[in-house]
Every structure is written in C-alpha cells, then in structure tokens.
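A.B. asks: Encoded as structure tokens, here's the structure I'll be asking about.
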Amino acid sequence: MEFLIKLITFLLFSIPAITSSQYLGNNNLLTNRKIFQKQEEISSYAVVFDAGSTGSRIHVYHFDQNLNLLHIGKGVEYYNKITPGLSSYANNPAQAAKSLIPLLEQAEDVVPDELHPKTPVRLGATAGLRLLNGDASEKILQSVRDMLSNRSTFNVQPDAVSIIDGTQEGSYLWVTVNYALQNLGKKYTKTVGVMDLGGGSVQMAYAVSKKTAKNAPKVADGEDPYIKKIVLKGIPYDLYVHSYLHFGREASRAEILKLTPNSPNPCLLAGFDAIYTYSGEEFKATASTSGANINRCKNTIRKALKLNSPCPYQNCTFGGIWNGGGGNGQKNLFASSSFFYLPEDTGMVDASAPNFILRPVDIETKAIEACALKFEDAKLVYPFLDKKKVAAYVCMDLIYQYVLLVDGFGLDPLQKITSGKEIEYQDAIVEAAWPLGNAVEAISSLPKFERLMYFV
C-alpha cells in the first residue's frame, strides 16, 4: 500500500502542470482559428460591368470583413475588356447582352462557386447608351437584365442594371479615390476632391462641412441635388457633386465650334478645315489662315462656358451653377480621364506613370507650344493624338482644360493637382474610375456590412 501511494505521488508531480496562461493560450489558438474561419466566411466579392461607349469592362473585387481589398492573383482586382460597346448593338439588343457572356464567365471563374449567390453583380452604362435614340438603350438594358437573371449565378438585384448618370459617376469616383488613398473613416477635411473630364461631361465632387451642406441651394424638381449624403466606415460625409453636361472633352469642342459657324475658329491649327461631328450633329471646323490665337481662343471658350450667366447664389462656377463653397475638402484634388490622357498624349508626363502632379499653368505652357503649330506639323509632333484623329484639336483641348480649371472652377493657376488613371493601393494599383466606388456601395448593401458604409 505504501508503495502504491509513493507511485501515485511520483506520477502526479512528474506530469507537467497546465498553467492558467497555457490554458488561455490554447484557448487563444482555438479562438484565433475560429476568427480566421470567420474572416474567411465573411469576405465578399463584387462584380461590376462598366459598359462604356468604346467597350465593356469587367471588374471583380474581393473585400475582407473590414471592407479592405484582398488580392486576386497579383493585383487587387480582376479586369478585362471587350469591344465594341453595347451601344454598337442598337438594332440587336439580344446580341448586346450576349456580348457580355465571356466577361461574365470570367467573373464566375474568379469568384468561388459557394460565394456566387452572395456576390452582387452590377452593370453601369455610361455615355454610349445615353446617346442612343428612342428606346434603344432601354431595350439593351432589359436584354442585359434578362441575360443576368437567366444566365448568371450571382446575386442580381432589381436595380443592378442601369445607366449611370454624371452625378453618380462623380460620387462613385470620389469613393474610389478616397478608398484607395485610405481616407475613408477620416474627417472630411482629410479627404480628396475629384474631377473627371469624360467625353460628354465633366464632374466635380468633394466633401463639405455640415454647415455648408445645410445651406446648400435647393434645386428644381427633377434635378440632381448638390449634396449627396454618404456614410463611409461609420463617418457621415456631405458630398458636393455636380455633373456639367455638354462640357466633356468631345462635347466641349461642339460648344466652342457653335460660336463660330460662319467664321474661322481661333482655337484651330492653321491648315485645318473639316466638319466636326458630335452626337449626330455637324459643326464647321475651319482654322484661320494665320493659325490659332491663344487670347481669342480663351475668350471664345469663356463664352462657351457661359461664365457671365446670372449667378443666383453667392458663388458660382459657370453656367449659373453653385460651386459648393470650396473649403478643405477641395484643397487637394485628383483629376482623372482626359485630365490625365491629354497631358499623357502631348508628352507632358511619363506615359508609364500611374499618376503625376501638374498645375493649370503647365497646361497653358504646353498650349502655347501646341497652338503655334500648323495642322500637318501637329500630326508629327503628337503621334498619339494623330492616331486618334484629334491632332487638329490639340490647341483647343489644352486651352479648354486651362480655362475650365482656372476660370470655370476658380483654381489658382499654380495649384498642384494629382492627375492619374491609377492609384497605388498597398502593394498594387487600382483604376481611378467609378466601378470600385460602385462595388463599395454594392457590398455595403449586404447585411453584414451595412453598418460600415451606406449611401443615403
């Protein structure tokens, strides 16, 4: 009996004690494993079709539980493009929808099968469909809705397919840029304003103070309000956003040429004489024998911008539009689309750079150089513009951007602006365009994320 007691005592003291810290440590391991599993479970994908005028693009994004982008391969988005755009199928809506199936199949391959039913899919159509006559655009959109509902395994909401208007483009771009710069969740004074110069319109969007938003002018019924309210990562933002129709890069040429129907246009290069067609309308585009005249060109563009229109508010940009009051939300600006492509095509920047810093005065300097050329010389100096058949408008386009920024939006000629097509995000890059902002809204509508972000 004594031997048995000694044996039991030996065994009890020989076995390592499980301390409270070890016990908790094991629990932490189990808890961490559960947390990891939970993170895997609540990560979500979003699929966005960008149906533009020249082609359709697919964007697939993968978000973690905090709405941070996760890698898809080496990047943080899956992207591909097909041509032509949906508007090319005006007489065959079914074929328009069918053209998207290869992109849809690629997205279905990227997103894990088990997550398809929970993955929102959206299609936003822009300028191309807006310009179609009659009910052609709606027929195409309905055909796409039918295709997605019948063919897609993704989550297709009733409002998933629509035409994105300029105000939506501006607000989505603001979300995209500030998301990529990791400004969301910070005070509005720490955010960046955005400008987007498309083909048919130009957008300005930036965050303003609550006081400014409260005193924003009311608009007529049917018009987009000046202020859009958004909650992003728990922080409410009042976003000033306005889209100026007819003042995009291509549309502005039509507005400028309208002013000289029977005389040479001072913004055109010597030796050019043609017809400019925009949105089915033709405009005479004839240069003076002496070539472009910068001062007269500036004055013509100022008239096109309607800078002298009555301003019913304390401060206006152009055409009698309220300017949003300015403020810290507009202190830093990011400019996209043609604000990037024109400087790139005219050799102002390194074409391989995703973004760069420029000032309005830099655009004016380039304009002085370009406006002194003859049309035939411009084609040689600017081969990228010649390839796009727009070398004749290089003087007009450059002067337009300068006048738009300085006289239209009231920026200082020396103000530094970040212009880009892409933004660095962690160890990758994202496209500086509206689809990411649209995806954030789509993900935010899911119950597990709706407290983090939502659009009002």
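The values are calculated or read from the model by the stated rules, or taken from the named source; none is laboratory data. In this text the structure is predicted, and so the values were computed from the model without any measurement. Backbone-built Cβ (ideal geometry, glycine too); neighbour counts: all protein chains shown. Areas reflect the complete protein model, heavy atoms only, side chains present, ligands, DNA and RNA absent. Shrake-Rupley method; radii C 1.70, N 1.55, O 1.52, S 1.80 Å.
A.B. asks: Run down LEU342, LEU404 and say which single residue is among the aliphatic types (A, V, I, L, M) and out of contact with any Asp or Glu (no Cβ under 8 Å at 6 or more places or on another chain).
C.D. replies: LEU404
A.B. asks: Being surrounded by 24 or more Cβ atoms within 10 Å (Cβ to Cβ) and β-branched (Val, Ile, Thr) is the filter here; which residues of region 252-263 pass it?
C.D. replies: Answer for region 252-263, where residues must be surrounded by 24 or more Cβ atoms within 10 Å (Cβ to Cβ) and β-branched (Val, Ile, Thr): just ILE256.
A.B. asks: How about region 206-251: which of its residues are surrounded by fewer than 14 Cβ atoms within 10 Å (Cβ to Cβ), acidic (Asp, Glu) and closer than 20 Å to TRP174 by Cβ?
C.D. replies: Correct list: GLU223 only.
A.B. asks: Right, something else. Which of the residues that make up region 303-314 are open to solvent by 40 Å² or more (accessible area, probe 1.4 Å) and either in contact (Cβ under 8 Å) with a residue 24 or more places away in the chain or of a type in the set (Val, Ile, Thr) (or both)?
C.D. replies: Passing the criteria: LYS303, LEU307, PRO312, TYR313.
A.B. asks: Moving to a separate point now. Check region 248-256 and report whether any residue there is without any contact (Cβ under 8 Å) to a residue 60 or more places away in the chain, in contact with a His (Cβ under 8 Å, 6 or more places away or on another chain) and outside any loop (DSSP other than H, G, I, E, B).
C.D. replies: yes
A.B. asks: From the list PRO225, PRO217, which one is closer than 28 Å to ALA251 by Cα, within 20 Å of the chain's Cα centre (by Cα) and not β-branched (Val, Ile, Thr)?
C.D. replies: Among PRO225, PRO217, only PRO225 is closer than 28 Å to ALA251 by Cα, within 20 Å of the chain's Cα centre (by Cα) and not β-branched (Val, Ile, Thr).
A.B. asks: Next question. Name the residue that is nearest to PHE340 (Cα to Cα), counting only residues in region 369-395 that are open to solvent by 10 Å² or more (accessible area, probe 1.4 Å) and β-branched (Val, Ile, Thr).
C.D. replies: In this case the residue turns out to be VAL390.
A.B. asks: Quick one: which of ASN150, ASN178 is among the polar types (S, T, N, Q) and closer than 24 Å to ARG359 by Cα?
C.D. replies: Exactly one residue qualifies, and that residue is ASN178.
A.B. asks: List pairs: first in region 407-433 and touching a residue at least 12 places away in the same chain (Cβ under 8 Å) and basic (Lys, Arg), second open to solvent by 20 Å² or more (accessible area, probe 1.4 Å) and not in a strand (DSSP E or B), Cβ under 6 Å, 6+ apart or cross-chain?
C.D. replies: Hits for this filter: LYS416/ARG359.
A.B. asks: Residues to consider are PHE409, PHE384; find the one that is within 23 Å of the chain's Cα centre (by Cα) and aromatic (Phe, Trp, Tyr).
C.D. replies: PHE409
A.B. asks: Pull up region 257-274, narrow it to residues that are touching a Phe, Trp or Tyr at 6+ places or on another chain (Cβ under 7 Å) and not in a loop (DSSP other than H, G, I, E, B), then point me to the one that is nearest to PRO217 (Cα to Cα).
C.D. replies: LEU257
A.B. asks: Now a separate question. Out of LYS298, LYS366, report the one residue that is open to solvent by 10 Å² or more (accessible area, probe 1.4 Å), free of Cβ contacts under 8 Å to residues at least 40 places away in the same chain and closer than 21 Å to LEU414 by Cβ.
C.D. replies: LYS366
A.B. asks: Restricting the first residue to region 205-220 and requiring it to be aromatic (Phe, Trp, Tyr), which pairs with a second residue that is open to solvent by 20 Å² or more (accessible area, probe 1.4 Å) meet a Cβ separation below 7 Å and a spacing of at least six or different chains?
C.D. replies: As it stands, the answer is TYR206/GLN330, since those pairs meet every condition given.
A.B. asks: Something else about it: Please give the strands (runs of 3 or more DSSP E) falling wholly within region 276-366 in which 2 or more residues are over 30 Å from LYS210 (Cβ atoms).
C.D. replies: In region 276-366, the matching strands (runs of 3 or more DSSP E) lie at 281-286, 355-358.
A.B. asks: Pick from ALA351, ALA335: which is under 21 Å from the mean Cα position of the chain (by Cα) and open to solvent by 40 Å² or more (accessible area, probe 1.4 Å)?
C.D. replies: Being under 21 Å from the mean Cα position of the chain (by Cα) and open to solvent by 40 Å² or more (accessible area, probe 1.4 Å) holds for just one of ALA351, ALA335, which is ALA351.
A.B. asks: Same structure again: Kindly provide the set of residues from region 71-95 that are over 15 Å from ILE58 (Cα atoms) and either touching a residue at least 60 places away in the same chain (Cβ under 8 Å) or of a type in the set (A, V, I, L, M) (or both), ordered by number.
C.D. replies: Those that are over 15 Å from ILE58 (Cα atoms) and either touching a residue at least 60 places away in the same chain (Cβ under 8 Å) or of a type in the set (A, V, I, L, M) (or both): HIS71, LYS74, ALA90, ALA94.
A.B. asks: Continuing with this model, one more query. Considering (1) of a type in the set (S, T, N, Q); (2) in contact with a strand residue (DSSP E or B) (Cβ under 7 Å, 6 or more places away or on another chain); (3) open to solvent by 40 Å² or more (accessible area, probe 1.4 Å), say which one GLN203 fails and leave the rest.
C.D. replies: Unmet for GLN203, out of (1) of a type in the set (S, T, N, Q); (2) in contact with a strand residue (DSSP E or B) (Cβ under 7 Å, 6 or more places away or on another chain); (3) open to solvent by 40 Å² or more (accessible area, probe 1.4 Å): (3).
A.B. asks: Give THR126, THR191, THR153, THR176 a once-over and let me know the one that is surrounded by fewer than 21 Cβ atoms within 10 Å (Cβ to Cβ) and not aromatic (Phe, Trp, Tyr).
C.D. replies: Every option except THR153 fails the conditions.
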